[in-house]
Amino acid sequence: MFQTAALCMAEEFASDGFRWIKSRKSLERRDDAGRWERMSLEPSYRNRAGQLIEFAIGQLRVDDALLEEWRFTNHPRTVVRADSALGIVCYTSCYDLARVGFNNKVILTRPERRLACLGALCDQIREIVLPWFASTRNPKQLTHAVPEALLGPFAYATDLIEFLVVHNEPEQARLLIDRVVALEPKQRAAFDEGRRLAQDGIRSRPNWHTPEALGWTSATLGLA
């Protein structure tokens, strides 16, 4: 039943460019510019035929081919991260989505309720998930459109800054830094420490998702 529901969702969002990729259990959309958007579906481990049929939207992720290439060839100018994350622009989990009122789980056990429940989930995806993807699609509008949940000290501000620079929007990157610092004033000391660390060159490269990463990145990329 999970596969059937996934295929129904793929049909629902086909006009938006999404396809069901069975091997990754995700609905995915790619464009000619190298952007890759993924919406993973996670079936419950408790699922039993005729007893419980449940799955959830587990995570959303955006990758960018140009950003991946830049990080690969400019590793001294980017933070230390796993190779599997070289292309990442941003990511969010079901916990982040729940904060904005997204009920990411659907139970399809009762046959008479399946269409209604699946339809309600698709409505939420159109209302919350597709705008989440859209918020980072246009570099010229990203600074004001991106949700606050992506801008915390352990979130994806650093990744978004690199994305903007790689896509020739350094002024938008500076404005995004200003927005992040305004949202997280307690992180100012970590930001300044990161900028100081950048003076030590490649030996000081911080790890991904550390408080100093944003300051180090801003200095390394010349975003005074």
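Coordinate-derived values only; no laboratory data. Remember, it's a predicted structure, so these values are computed and weren't measured experimentally. Glycine gets a Cβ as well: all are built from the backbone with ideal geometry, and neighbour counts include every protein chain shown.
Before moving on, here are some points about what is shown:
- For a straight C-alpha distance cut-off of 20 angstrom, the aspartates and glutamates reachable from Lys140 (same-chain residues fewer than eight places away being disregarded) are Asp31, Asp32, Glu37, Asp63, Asp64, Glu68, Glu148, Asp159, Glu162, Glu169, Glu171, Asp178.
- Shape call, segment 142-220: gyration tensor on alpha carbons, a/c limit 1.5: oblate
- By the rule of a C-alpha distance below 23 Å, with chain neighbours fewer than 8 residues away ignored, the lysines paired with Lys25 are Lys105.
- Its relative contact order, with pairs defined as Cα atoms under 8 Å and 6+ residues apart, puts the chain at 15 percent.
- For log10 I(q)/I(0) by the Debye sum over Cα atoms at q = 0.10, 0.15 Å⁻¹, computed directly from the structure shown, the correct entry in (1) -0.41, -0.98; (2) -0.50, -0.96; (3) -0.38, -0.89 is (2).
- Estimated [θ] at 222 nm from DSSP helical runs (n ≥ 4, -39500 (n - 2.57)) normalised by residues in the chain, nearest 500: -11000 deg cm²/dmol
- Nearest-20 debye value, the chain charge dipole, Cβ charges on Lys, Arg, Asp, Glu: 580 debye
- Beta bridges from DSSP with both residues in the chain: antiparallel share about 95 percent, rounded to the nearest 5.
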